[in-house]
Amino acid sequence: MEKMVISSVKTEAGLAQLTIVGLVDEIGAIKSVFHELSEEKIVIDMILQSPGKDGKVDVIFTINKEIADLAADVLMSARKKLKFDTIQMNKKLAKVTLTGSGLMSHSDIVPRVLSCFNECNAPMDVISTSEIAIKVFTDVDKAARAVELLREEFDDYGL
């Protein structure tokens, strides 16, 4: 088993999460959404899609909070063409990132990370894992405490 080394735990505030609710579930629909945003030079951080239900999906993406209103306006102006029901927005989002090596070689890493968020009652809106990073999107007011707890939890792994 590869040795786990944690090189950093940090937070990035100033993010927003937009959810496109009820996007028609057909080939090319999601591409069309992000094409509209790219035309306005809107850079996307992370994208998630819910499983389809009744011919529709929800698409969640994160962006810089400063351009969240612009992104929502762009999409709402193209709503009929894009075929979705509505947009929801959360502008109180932060990304907490734990980086290192060998993260996915250890089965206990994810539960330990999530326990830190549970301990400070921080919601976990979006979670992404890879061999070198675990990213959790959470409430901006809870992010600093989650980072403190993660640093305490993984202090023996190189921090």
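Condition first: of a type in the set (Ser, Thr, Tyr) and either in contact with a Leu (Cβ under 6 Å, 6 or more places away or on another chain) or farther than 20 Å from residue 73 by Cβ (or both). Now tell me which residues in the range 1-31 satisfy that.
Passing the criteria: 7, 8, 11.
Of all positions in the range 104-113, none carries a residue that is without any contact (Cβ under 8 Å) to a residue 40 or more places away in the chain and within 30 Å of residue 22 (Cα to Cα).
How many residues does the range 44-54 hold that are surrounded by 10 or more Cβ atoms within 10 Å (Cβ to Cβ) and either closer than 13 Å to residue 16 by Cα or in contact with a strand residue (DSSP E or B) (Cβ under 9 Å, 6 or more places away or on another chain) (or both)?
To start, the set of residues in the range 44-54 that are surrounded by 10 or more Cβ atoms within 10 Å (Cβ to Cβ) comprises 44-50, 52-53.
In the following step, the residues that additionally are either closer than 13 Å to residue 16 by Cα or in contact with a strand residue (DSSP E or B) (Cβ under 9 Å, 6 or more places away or on another chain) (or both) were identified as 44-50.
Matching residues across the range 44-54 total 7.
Please determine whether any residue of the range 72-93 is more than 25 Å from residue 141 (Cα to Cα), at pLDDT 95 or above, in a loop (DSSP other than H, G, I, E, B) and out of contact with any strand residue (DSSP E or B) (no Cβ under 9 Å at 6 or more places or on another chain). Yes: the range 72-93 contains one or more residues that are more than 25 Å from residue 141 (Cα to Cα), at pLDDT 95 or above, in a loop (DSSP other than H, G, I, E, B) and out of contact with any strand residue (DSSP E or B) (no Cβ under 9 Å at 6 or more places or on another chain). Given the criterion more than 15 Å from residue 13 (Cα to Cα), modelled with pLDDT under 95 and buried (at least 19 other Cβ atoms within 10 Å of the Cβ), identify the matching residue among 127, 109. Unique residue meeting the criteria: 109. Evaluating residue 9 against the criteria (1) closer than 18 Å to residue 139 by Cα; (2) in the same structural domain as residue 129 (by TED's automatic domain parsing); (3) surrounded by fewer than 16 Cβ atoms within 10 Å (Cβ to Cβ); (4) not acidic (Asp, Glu) leaves one unmet condition, (3).
The values are calculated or read from the model by the stated rules, or taken from the named source; none is laboratory data. What you see is a predicted model; the values in this text were computed from it and never measured. Cβ atoms come from the backbone with ideal geometry, glycine included; neighbour counts cover every protein chain shown.
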